[in-house]
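Notes to accompany the following structure.
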Amino acid sequence: MADTVTGCPAHASAPLPEYPMPRAAACPLAPPPAVEPLRAEKGISKVRIWNGGTPWLVTRHADQRALMTDPRVSNDDCEPGFPHVNAHRAQIAPHTPKMITNTDAPEHTRLRRSVNGPFVVKRIEAMRPTIQRMVDGMIDDMLAGPKPVDLLTALALPVPSLVIAELLGVPYKDHAFFQRNAGLVLDTSLSAEEAMAASRELGQYLDTLFREKLENPGDDVLSEMAGRVKAGEMAHAEAVNMGVAMLIAGHETTATMISLGTLALLQNPDQLTVLRDTDDRKVIANAVEELLRYLTILQTGVRRVAKEDIEIGGVVIRAGDGIIFDLHAANWDPEAFPESERLDLSRPARQHQGFGYGPHQCLGQNLARLELQVVYGTLYRRIPTLQLTTTIDQLEFDHTGTTYGVHSLPVTW
């Protein structure tokens, strides 16, 4: 039965599809085409992963929302049956400290509460003028320099790197070090040893910095956590590990969204006009939500494991079964988003799952939203003739990480 599409008699002899699935070269911004028939036929079906395991793939928006908030679904990647992305992630899991990324309530609740304060909407919104100055300065440099320019290195990567460095209290002069090692940790093509070595380097770096914050606190997240350590609310190691996680997650995904969002808009000039011709924050904020929905950059799926039997969508997910949520498939679910294949910046898309959903949704989503609002709301107005210097089929896409993106985005004006 492991080699068949479970519970679907019409396909009883069909081999299980492999996951992750390849994107179509002709349409690299869309979900893999093999996902659509799975969503249309059943919504929850078995797939095969790298180690021969057969977890459930959940592709419909409503089913994902139900399961992501179900306490019977676990985020603990050391649980038997957890559907790891690859061998090196499976090897790393037992050696990974307990963080908000691999724990369940009540431990997850305690850890998340300890770092949630700096990421609430009010405090993040207060950073808008600072981020605006950063973006304007980088665009000034672009306009004053030679053309063409790689938007990834000129704007997309520096903006979130500067922002997360300032928020955490990490010296931006070290950005090459933490960008390189964060990339190695997220690179699914590397060995476990290489990923763990990069993680250790980041850990040692953050530990040294955190000890300085304990002695001389500033106005930053690491200093806030230092205060919690002194008050006995967090362990020293927990704070360091949390700092590493935030540093890794705090720039890579936003950089990808800036570059891919620009690419998507250049492929849809009517939608680009919407952003180019407005300074209305509500219009810009809604456009960000639609771009997050449309692109859904996470390509390896959100992965969980069932702790108890769960009946949903006409199937029974047994205790110990792995579960993969394909967020892009859910964000292109026509039941949730009619004409989902169309980029429409006027669409009310806030219910997308680009940041996940439920208690484990992305801690930094408010920060990411703000950065994208400032970049998308500034770049195309200041450089209204922005254009690619190549065609989309000639771009080299990067599929080695947990998110997909481009290696470079050459533009001119």
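Work out how much length Gln351 to Asp219 would gain on full extension: take 0.36 nm times their residue separation and subtract the Cα-Cα distance, in nm to one decimal.
44.2 nm
Calculate the dipole size of the stretch 87-164 relative to its Cα centre from +1 charges on Lys and Arg beta carbons and -1 charges on Asp and Glu beta carbons; express the result in debye to the nearest 20.
Using only the charged Cβ atoms, the result is roughly 420 debye.
Among the lysines, select those whose C-alpha is under 26 Å from the C-alpha of Lys173, and discard any that sit fewer than 8 residues away in the same chain.
Lys147, Lys213
To the nearest Å, what is the center-to-center distance of the stretch 229-246 and the stretch 273-332, using C-alpha atoms only?
Using only Cα atoms to place each centre, the spacing works out to 29 Å.
What is the spin-label model distance, in nm, from Glu233 to Arg211 if the labels are put 7 Å beyond Cα along the C-beta direction?
Placing both labels 7 Å beyond Cα along the Cβ direction yields 2.5 nm.
Accessible area per residue of the chain at 1.4 Å probe, in Å²?
43 Å²
Note down, for the stretch 124-192, the three equivalent ellipsoid semi-axes (square root of 5 times each alpha carbon gyration tensor eigenvalue), biggest first, whole angstrom.
Largest first, the stretch 124-192 gives 24, 18, 10 Å.
Quick one: net charge of Tyr294's neighbours, Cβ under 12 Å, K/R +1, D/E -1?
-2
Would you pull out the residues with amide H under 5 Å of Ile323's amide H, same chain only if 5 or more places away, H placed 1.01 Å from N?
Amide H to amide H, under 5 Å and 5 or more residues apart or across chains, Ile323 pairs with Trp56, Arg304, Val305, Ala306.
With charges only on Cβ, +1 for K and R and -1 for D and E, what is the dipole size of the stretch 32-83 about its Cα centre, in debye, rounded to 20?
I would put it at about 220 debye.
What is the Rg over Rh value, at two decimals, for the chain, using alpha-carbon atoms and the Kirkwood definition of Rh?
Across the chain, the Cα-based Rg/Rh ratio is 0.96.
So, with a 1.4 angstrom probe, what is the percent of accessible area on the stretch 305-380 that is carbon and sulfur?
45 percent
Amide H to amide H, which residues 5 or more places from Lys46 or on other chains are under 5 Å from it, using H placed in the peptide plane?
Residues meeting the criterion, in which the H sits 1.01 Å from N, are Thr6, Leu57.
Averaging over every viewing direction, what projected area does the convex hull of the Cα atoms of the stretch 266-413 cover, in nm²?
If I average the Cα hull's projected area over directions, I get 10.6 nm².
Could you derive backbone 3J(HN,Hα) for the stretch 116-128 from the dihedral phi with the Karplus parameters 6.51, -1.76 and 1.60 (θ = phi - 60°), listing whole Hz in sequence and x where the residue is Gly or Pro?
6, x, x, 9, 6, 4, 4, 6, 5, 4, 5, 7, 4
Restricted to Cα positions, what overall size does the stretch 112-241 have along the principal axes? Three whole-Å values, descending.
On the principal axes, the stretch 112-241 reaches 53, 40, 24 Å in Cα extent.
Taking the Cα atoms of the stretch 346-407, what is the range of coordinates along each of the three principal axes, in descending order and whole Å?
Here the spans come out as 42, 31, 21 Å, largest first.
Under 17 Å from a point placed 7 Å out from the Cα of Val316 along the Cα-to-Cβ direction: which residues of the stretch 43-65 have their backbone N that close?
45-46, 56
Once you have the Cα-Cα distance between Arg113 and Glu194, take 0.36 nm times their residue separation minus that, and quote the gain in nm to one decimal.
Length gained between Arg113 and Glu194: 26.0 nm.
Extension gain Thr273-Asn51, at 0.36 nm per residue separation less the Cα-Cα distance, in nm?
Stretched out fully, the Thr273 to Asn51 stretch lengthens by 75.3 nm.
Given H placed on each backbone N at 1.01 Å, which residues far from Met234 in sequence or on other chains put an amide H within less than 5 Å of it?
Amide H neighbours of Met234, under 5 Å, 5+ apart: Val229.
Evaluate Rg over Rh across the stretch 316-359, taking Cα atoms for both radii and Kirkwood's formula for Rh.
So for the stretch 316-359, dividing Rg by the Kirkwood Rh gives 1.08.
Between Asp76 and Glu125, what is the label-point separation in nm under the 7 Å Cα-to-beta-carbon projection?
3.9 nm
Cα-Cα over 22 Å: which of Lys46/Lys307; Lys98/Lys122; Lys122/Lys230?
Pairs exceeding 22 Å: Lys98/Lys122; Lys122/Lys230.
The values are calculated or read from the model by the stated rules, or taken from the named source; none is laboratory data. Because the structure is predicted, anything quoted here is derived from the model rather than measured. Neighbour counts run over all protein chains shown; Cβ positions are idealised from the backbone, glycine included. The protein model used for the area step is the full one, side chains on, heavy atoms only, and it has no ligands, DNA or RNA in it. Shrake-Rupley method; radii C 1.70, N 1.55, O 1.52, S 1.80 Å.
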